[in-house]
Structures are given as structure tokens and as C-alpha cells.
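**Student:** One structure follows; several queries about it will come next.
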Ligand SMILES: [Zn+2]
């Protein structure tokens, strides 16, 4: 395990080999599902490469030098981190080239051109690289094509296909794999998130190999909601309005910003997917067909969330889609035994 990061030893070794061979690229594009530690990895890589005591290929910051101390304190002058503002759907150009009054005098592209404070290099991390718009990608183009000698740029996204071709073609792609369920469960136990192995495994199963998602899933209010949701799904005639009234407020409770609400809706849809996958495995042909329809409805809702669709509309369409299956099929509950009356 490197720097407390589980599951990505292969990537660490790849970086060590590149550095030893003198082939550290100037731009990397980290891809993989959300919540598996890509950003943490990028930060630890930056930490190691900025340390003034340790050799690059060791990839182990000393923790003692001034650079390391400033890094840990969160105010390292040679580290730039850009994230998508919560109220924006694309990365604003100001983050790269400064606002109108300070065009090309501020922002990530400008700061990467400056001499490194500690003389080694400058590292910039762009989280949410899935959200480059044409304008912000164009701002970065010159930096990508003629990177300053001392600059290392790390872009973090989910998949190469979600990146603009201008960015994808100028970056070296590093793939991060989802974590095995046992690893996720172990992290939950080690960090005290889960009290025992059974609970940890149950949460890990729903986590899609993402520790971030597993942490969210350990919230007991989610599990209480899951029980309510499952009882609602078990009723003989699923009512889309009632289902919407159950889901919408629960999603809204996640926070004022869109991002936590979007994440909560993903989890709620994940619960329903889990339920229908179970019935797919264990039920008769007709019920399996209904479960497949429901799963399609869930996947299409997840796609809409990824496309930043209005959450209220996604919930409404999703609930109608789920209920539609039962109504069209004369009230047959989708693969579940009827709720006891
Ligand atoms: Zn150090």
C-alpha cells in the first residue's frame, strides 16, 4: 500500500518506472469511476514530487522538509488545484486564465509558467476534467502543447470518452480500477466506518468499488430510507406520485447544492437496481422481464444525472417509468412477493 492508498499499487509502480526511465510526461489524464481515490493519488503524487529531500523515483515524501510541511498545511506555493465550482456545470475559463481584469495574469495556466518557489517543479491538478467546456479546454491548449519545463499537469476524469479530443490526445491516460469488494470492506473496518465485517461487506457490495460511495452508504438514514423504498416497491400497484413524494424530499435533504443531491439520487437508484437485480436472479420469466424493464429505467435515469439533467424531472420520469411497468402489467409487483396486508 502506497501512502495509505489502497488498491492502486500498479499505478504507483508505473510512475516509478517512468520516472526512473526519465519519461515522466507533462500531462496525465487519470480516469476511473468516482470515489476510488484518484484525487488522493494525484495529491500524494504531487506531495512526493514536490518534496525537496526525496528523489523522484522513490515517490515517498520525507515529511520533514519545508515543502512537505507546506504541502501538509495546505498552502504549497507550487501546487495548483482547480475544481468545478458547485454552481457550475463546466469549468469556468477564469480558473485557467484569470478574470477579465486579470486576463493571462492569473489562473492555472499563468501560475504554471512561473518559476517554482522551491525550484523543483509546479504541479497542477484539475479535478472534474469531465466538465471541461470548449472554452476552458481551449484556454488549456497552449499549456498542453508547450508545457513549461517544470510543470506537471494532472487531469482527473471518469472515462477517456468523456474528454474533449483536444485534451485526450495531448494527455497520457492512466486508468484506475475499481477496488475489490474485500478491500472496500477492509477500509470500512479499519477506519471505524463499519462496526463489523458483515455490515462492512453489505455496504461494500453496493459501493461499486468506491470508498467514497461506501462511506456515504454507511449513513444509517440511507438504510432506513432503503427499507421504506423497498416497502413502497412491494405494493401491488406502484403509484408514481407516491413514489415521487417519497424520493424527492429525501434527495432534497442531501443539501442545497446540486452535487450532493445528485449523488444521493444515484445511491437511491442504486438501491432499486440492487433490488431488481436480485429479483432478476430468482424469478420467473415474466417477472424477470419486468425487472429488466425496471433496470433499463434506472440506467436511463443514471445517464440523465450524468448529463446534468434537472433532478426533479429525472425523479419524476424515473418514478413514472418504474410505476408504468407495474400498471401495464395489471398490478403485478415487479418480481417481489406482495406486501403482507
Ligand atoms: Zn520533504
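The values are calculated or read from the model by the stated rules, or taken from the named source; none is laboratory data. Everything numeric in this text was worked out from a predicted model, so none of it was measured. So basically every Cβ, Gly included, is an ideal-geometry build from the backbone, and we count neighbours across all protein chains shown.
**Student:** If residue 166 satisfies all but one of (1) part of a helix (DSSP H, G or I); (2) surrounded by 15 or more Cβ atoms within 10 Å (Cβ to Cβ); (3) outside the structural domain of residue 136 (by TED's automatic domain parsing), what's the number of the condition it fails?
**Tutor:** (3)
**Student:** Could you list, in sequence order, all residues of the stretch 32-72 that are in a helix (DSSP H, G or I), without any contact (Cβ under 8 Å) to a residue 60 or more places away in the chain and within 13 Å of the ligand (Cβ to nearest atom)?
**Tutor:** Within the stretch 32-72, 44, 47, 48, 56, 58, 66, 67, 68, 69, 70, 71, 72 meet the criteria.
**Student:** Follow-up question, since we're still on this one. Which residues, counting only those in the stretch 106-120, are surrounded by fewer than 19 Cβ atoms within 10 Å (Cβ to Cβ) and touching a helix residue (DSSP H, G or I) at 6+ places or on another chain (Cβ under 9 Å)?
**Tutor:** 106, 110, 113, 116, 117, 118, 120
**Student:** So residue 68 ticks every box in (1) surrounded by fewer than 20 Cβ atoms within 10 Å (Cβ to Cβ); (2) more than 28 Å from residue 162 (Cβ to Cβ) but one. Which box is left unticked?
**Tutor:** (1)
**Student:** Another one. What number of residues within the stretch 73-105 are within 30 Å of residue 62 (Cβ to Cβ), surrounded by 13 or more Cβ atoms within 10 Å (Cβ to Cβ) and free of Cβ contacts under 8 Å to residues at least 12 places away in the same chain?
**Tutor:** Residues meeting the conditions: 0.
Results for (1) assigned by TED's automatic domain parsing to the domain that holds residue 322; (2) closer than 30 Å to residue 88 by Cα; (3) without any contact (Cβ under 8 Å) to a residue 40 or more places away in the chain, shown as yes or no for each residue.
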site: 229; (1), (2), (3): yes, no, no
site: 243; (1), (2), (3): yes, yes, no
site: 246; (1), (2), (3): yes, yes, yes
site: 254; (1), (2), (3): yes, yes, yes
site: 258; (1), (2), (3): yes, yes, no
site: 276; (1), (2), (3): yes, no, no
site: 290; (1), (2), (3): yes, no, no
site: 302; (1), (2), (3): yes, yes, yes
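**Student:** Something else about it: Does residue 124 fit the bill of being touching a residue at least 40 places away in the same chain (Cβ under 8 Å), under 20 Å from residue 43 (Cβ atoms) and within 16 Å of the ligand (Cβ to nearest atom)?
**Tutor:** No: the conditions fail for residue 124.
**Student:** Would you mind stating whether residue 238 is surrounded by 14 or more Cβ atoms within 10 Å (Cβ to Cβ) and assigned to a loop (DSSP other than H, G, I, E, B)?
**Tutor:** Answer is yes for this residue.
**Student:** Next question, about the same structure. From the list 290, 280, 334, 302, which one is at pLDDT 90 or above, surrounded by 15 or more Cβ atoms within 10 Å (Cβ to Cβ), at negative phi and in contact with a helix residue (DSSP H, G or I) (Cβ under 8 Å, 6 or more places away or on another chain)?
**Tutor:** 302
**Student:** To continue, here is another question. Sort through 249, 260 and tell me the only one that's loosely packed, with under 14 Cβ neighbours inside 10 Å, within 25 Å of the chain's Cα centre (by Cα) and part of a helix (DSSP H, G or I).
**Tutor:** That would be 249, the only listed residue that is loosely packed, with under 14 Cβ neighbours inside 10 Å, within 25 Å of the chain's Cα centre (by Cα) and part of a helix (DSSP H, G or I).
**Student:** Could you please find all residues in the stretch 305-319 being at pLDDT 90 or above, assigned to a helix (DSSP H, G or I) and surrounded by fewer than 17 Cβ atoms within 10 Å (Cβ to Cβ)?
**Tutor:** 312, 313
**Student:** Let me ask something else about it. Are any residues in the stretch 187-239 at positive phi and touching a helix residue (DSSP H, G or I) at 6+ places or on another chain (Cβ under 9 Å), and if so, which ones?
**Tutor:** 208, 209 - these are the residues of the stretch 187-239 that are at positive phi and touching a helix residue (DSSP H, G or I) at 6+ places or on another chain (Cβ under 9 Å).
**Student:** Does residue 151 satisfy the condition of being touching a strand residue (DSSP E or B) at 6+ places or on another chain (Cβ under 8 Å), under 26 Å from residue 13 (Cα atoms) and surrounded by 15 or more Cβ atoms within 10 Å (Cβ to Cβ)?
**Tutor:** Taking the combined requirement at face value, the residue satisfies it.
**Student:** Assess whether residue 193 counts as being in a helix (DSSP H, G or I), buried (at least 16 other Cβ atoms within 10 Å of the Cβ) and modelled with pLDDT under 90.
**Tutor:** Judged against the criteria, residue 193 is not a match.
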